[in-house]
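Read the structure below first, then the notes.
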Amino acid sequence: MAILRILRILILLFLMIFLQACGDDEPEIKAELGSPEYRTMEFFNAIYIEDDLDKASQYASGKLNRVMKKYGTTRAVTRYLFNMRFDTVKMEIDRSGKNLRERYGDTAEIAILFSGTLHGEKKDDYRVVKLKKKGRDWVVEEVKHDPYGT
């Protein structure tokens, strides 16, 4: 009897550890599914968190997609195209102003804040992302540089 009880406990512990390891490692996106904000976060998560240029390219317009593919790697895209490199980064939609989203029919502009480190030094950045509705989905057309940066 005691052996069966110990065996049950061990099996339960194993299953709990196994199921916890199978959890979703993707960061939580705090935006409505299908919204321009959600697509913006998917795009940057693919680049900065998942290091997956092919996935990010799926979220980009034809022109931006071609330019990104020419760079070949997410590292080159972040360094040369966005001029925004990080070793570690956290991203969030800028909800500080009234114009969280400037949306006019089939276009939208989303402001996003980046906070992270590069070579051990804290680094913050700000970008405005221009999106266009293509069918039922939003695609990233342009990543505008920080209008307040130097």
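The values are calculated or read from the model by the stated rules, or taken from the named source; none is laboratory data. Since we're looking at a predicted model, the values are computed, not measured. Positions of Cβ are backbone-derived with ideal geometry, glycine not excepted, and every protein chain shown enters the neighbour counts.
Residues that are among the hydroxyl-bearing types (Ser, Thr, Tyr) and under 15 Å from residue 94 (Cβ atoms) within the stretch 105-150 comprise 115, 126, 148, listed in sequence order.
Would you confirm whether or not the stretch 102-116 contains a residue that is surrounded by 13 or more Cβ atoms within 10 Å (Cβ to Cβ), of a type in the set (D, E, K, R), at pLDDT below 75 and in a strand (DSSP E or B)?
Yes; the residues of the stretch 102-116 include at least one that is surrounded by 13 or more Cβ atoms within 10 Å (Cβ to Cβ), of a type in the set (D, E, K, R), at pLDDT below 75 and in a strand (DSSP E or B).
Scanning the stretch 11-23 turns up at least one residue that is out of contact with any Ser or Thr (no Cβ under 8 Å at 6 or more places or on another chain), among the small types (Gly, Ala, Ser) and at pLDDT below 75.
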